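These notes are about the structure you will find just below.
The values are calculated or read from the model by the stated rules, or taken from the named source; none is laboratory data. For clarity, every value in this text was computed on a predicted model and none was experimentally measured. Side chains included, ligands, DNA and RNA excluded: accessible areas come from the protein's heavy atoms. Shrake-Rupley method; radii C 1.70, N 1.55, O 1.52, S 1.80 Å.
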Amino acid sequence: MYTLSERANIVREKLELFTAKPSDYETVMKELPNLIGLIEEMEYMAVLCRKRIAGYEKELPYYTGLIDRNCGYDALQGKSICEIIQKNINIEMDKNILKLTMFPLIKNLTSKTKEYLSMLICNEIKAYFADTPKPDFAHSTCVLVIHSLYAKPEWIRDNDSVEVAAVVNAIKTHFLTDDDGLHLSIYRMGSLSQRHETEIYLMKEHDFITWLSDRKPT
């Protein structure tokens, strides 16, 4: 059953006044400015919410896609291609290492896209660890690896053209004591691959050297 919020109940009670006492002119006129103020406040918040949602819907396809100005496509073509890219985030634990596989990351365009990306990651982390023991990284110095896999050489990005803050914010929320240089190191790497996506790893510092050595070709 839907329950009205406290503010909505206030509006409903004041509206009932107009039905219960239509002849009580003095009481009605006394309450009318407050009622109008509440309605205007709710309308203002509704407009803000609609603008925020519309902003995500408009800008997220550009942010999460592999097509943008670096790839030589115009805006309209880029948008149509980006809209079909699956914004999936897969999570797995390999021993003591957390791994997230997700869509390609590009440089943050607006604060809304960064917030949305953090929200996507946080939601997947919460869902995955709802019935799985969460690893304890909070009391260790950790390393966050952001590994970009590129399907074509022309899609390779500079380090400052890949979103990092949104990833760090989400990881900190669920696993870390802090994300400063004393608690977290960030390692950026890239590879040519058949896939075009991003791999994110979180591990304790003493596991990083072994992890990195195991990835090097012999």
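The 3J(HN,Hα) values that the Karplus relation (6.51, -1.76, 1.60; θ = phi - 60°) gives for segment 200-214 are, in residue order, 10, 10, 10, 8, 6, 4, 6, 8, 5, 4, 5, 4, 5, 5, 5 Hz. Gly and Pro appear as x.
At the residue level, Tyr44 shows approximately 140 square angstrom of accessible surface with a 1.4 angstrom probe and all protein chains present. Between amide H atoms placed 1.01 Å from N, distances below 5 Å from Leu184 occur with Cys142, all of them 5 or more places distant or on a separate chain.
State which entries of Lys112/Lys152; Lys112/Lys134; Lys107/Lys172 exceed 22 angstrom in Cα-Cα distance in the structure shown. Lys112/Lys152; Lys112/Lys134, as the Cα separations exceed 22 Å there. Taking all protein chains as shown and a probe of 1.4 angstrom, Met42 keeps an accessible surface of around 70 Å². Ligands, DNA and RNA left out, the accessible area of segment 157-218 computed with a 1.4 Å probe is 48% carbon and sulfur. What the phi angles of segment 143-160 give under the Karplus curve with 6.51, -1.76 and 1.60, with θ = phi - 60°, is a coupling list of 10, 10, 9, 10, 10, 8, 9, 10, 7, 9, x, 6, 9, 5, 10, 5, 4, 7 Hz, glycine and proline written as x.
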